[in-house]
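Below is one structure, written out as structure tokens; the observations come after it.
The values are calculated or read from the model by the stated rules, or taken from the named source; none is laboratory data. For clarity, every value in this text was computed on a predicted model and none was experimentally measured. No Cβ is skipped: glycine too gets one built from the backbone with ideal geometry, and neighbour counts run over all protein chains shown.
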Amino acid sequence: MSAEDVVGLSGEVVVASDPASACAEWLCQRARSHRTRPDRFAIALAGGTTPRTLYVLLATPPWRERFDWGAWEVFFGDERAVPPDHPQSNYRLVAETLLAGVAIPSQQVHRMPADWPDLEAAADAYADLLASRLPEGPNRAPRLDVVLLGLGEDGHTASLFPGTPALEVRDRFVVPGEAPVEPRRRLTVTYPTLDAAAAIAFLVTGANKGPALRATAAGTTPAARVRPIDGELRWFLDEAAAEAMAAGS
Ligand code: 6PG
């Protein structure tokens, strides 16, 4: 199975036995030579289970020594409406895996305040934070250097779930999202924020993601609508996901 066998996904496709390492290598290059601001590397991280391996890898030698952690500025693409120490918190995942092992200044880590009772106010506060910390992208939304994304079995990405109002929002950078499973209440960046990024990477592993990848290649999922305006789009797949995608086509 190679990238040539994966047809229809927009952007560069990498199929690897160890996609977390392939993604780490790519992140290393982006962090070294593609920063919008010379002194900062602004990245929005994904939640869910898939990126855990990547986060642990980045915080472990030899990868840990390859990054200038003092330049990292960490944001989130989505968050569940739970406290930061909750087992389902995306912040907790990142704190326990990546942040525990590397020296990113705490004032450069920006948790989404999805535990506020008023999610609309939380969304606006995080949008203001993005706008105040980042330069403007080609569509005037805040431009992240990298956005790391996952893919759900239903084709969602970040907390942009099929059939939900968040998919249609063009005039806000962050909005409340609704998931069909618990925790249902979320915060999520919108397409304008994703599309303004300098680079986007999807990390997708496991045969269970085959149908969602196929639907994304056919253009019918929320993930398929992620289209950087002036940026790179990459897919890091393991062989199981790529094979399952190809098997059903
Ligand atoms: C989240 C996400 C979400 C995730 C996908 C894939 O908070 O749930 O950021 O978009 O990336 O649901 O999740 P898995 O990696 O657990 O399959």
### Residues located in the stretch 178-207, provided they are part of a loop (DSSP other than H, G, I, E, B), in contact with an Asp or Glu (Cβ under 8 Å, 6 or more places away or on another chain) and within 10 Å of the ligand (Cβ to nearest atom)
Thr205, Gly206
### Message
Taking the criterion of being surrounded by 21 or more Cβ atoms within 10 Å (Cβ to Cβ), of a type outside the set (Asp, Glu), more than 15 Å from the ligand (Cβ to nearest atom) and modelled with pLDDT of 95 or more, would at least one residue in the stretch 72-84 satisfy it?
### Response
yes
### Task
Counting only residues that are closer than 30 Å to Pro117 by Cβ, give me the strands (runs of 3 or more DSSP E) lying completely in the stretch 5-94 with at least 3 of them.
41-45, 72-76, 78-80
### Task
With the checklist (1) within 14 Å of the chain's Cα centre (by Cα); (2) without any contact (Cβ under 8 Å) to a residue 12 or more places away in the chain in hand, flag the one item Val181 doesn't pass.
(1)
### Task
Give the number of residues within the stretch 133-176 that are more than 27 Å from Pro211 (Cβ to Cβ), within 16 Å of the ligand (Cβ to nearest atom) and assigned to a loop (DSSP other than H, G, I, E, B).
1
### Query
Which one of Ala121, Ala100, Ala127 is closer than 24 Å to Glu65 by Cα and either more than 15 Å from the ligand (Cβ to nearest atom) or loosely packed, with under 13 Cβ neighbours inside 10 Å (or both)?
Ala100
### Search result, residues across the stretch 147-166 that are out of contact with any Lys or Arg (no Cβ under 7 Å at 6 or more places or on another chain), under 18 Å from Gly219 (Cα atoms) and surrounded by fewer than 21 Cβ atoms within 10 Å (Cβ to Cβ)
Asp154, Pro162, Gly163, Thr164
